[in-house]
Amino acid sequence: MAWLILVVSGVLEAVWATALGKSEGFTKAGPTVVFGISVVLSMVGLAVAMRSLPVGTSYAVWVGIGAALTVAYAMLTGTEAASLIKVMLILGVIGCVIGLKLVSH
């Protein structure tokens, strides 16, 4: 269950990071509200997952999922240029996240 919570928290990290960018310095209400809600839920989920999982592994997985999804979303929406090397590097991050799950006890 801790791993599921951690993955959802990582997804929420991508949500708050994207909303933060769209909030234009907290001047747009909608993205600011999405940021506030998702950052709190993401942090709470990370904290809950850390009750059962090691801090280092939890944080690395949380950041990896959030970073990979944030840049993937940006590339898919055209706000960031996509390239083969970027896609390969993102896949590398995802591979590392999966590897951390596989070696965890």
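Filtering SER38, SER58, SER42, SER52 for residues that are at pLDDT 95 or above, more than 15 Å from VAL15 (Cβ to Cβ) and under 13 Å from the mean Cα position of the chain (by Cα) leaves a single hit, SER58. The residue pairs whose first member lies in the stretch 29-54 and is closer than 18 Å to GLY66 by Cα, whose second member is β-branched (Val, Ile, Thr) and surrounded by 17 or more Cβ atoms within 10 Å (Cβ to Cβ), and whose beta carbons are closer than 8 Å, counting only pairs six or more residues apart or on different chains, are VAL34/VAL15; SER38/VAL15; SER42/VAL15; GLY45/ILE5; VAL48/ILE5; ALA49/ILE5. Of all the criteria given as (1) touching a Gly at 6+ places or on another chain (Cβ under 7 Å); (2) on the phi > 0 side of the Ramachandran plot, the one not satisfied by GLY78 is (1).
The values are calculated or read from the model by the stated rules, or taken from the named source; none is laboratory data. The shown structure was predicted, so the numbers you read here are calculated from the model rather than taken from an experiment. Ideal geometry is used to build each Cβ from the backbone, glycine not excepted, and the neighbour counts take in all protein chains shown.
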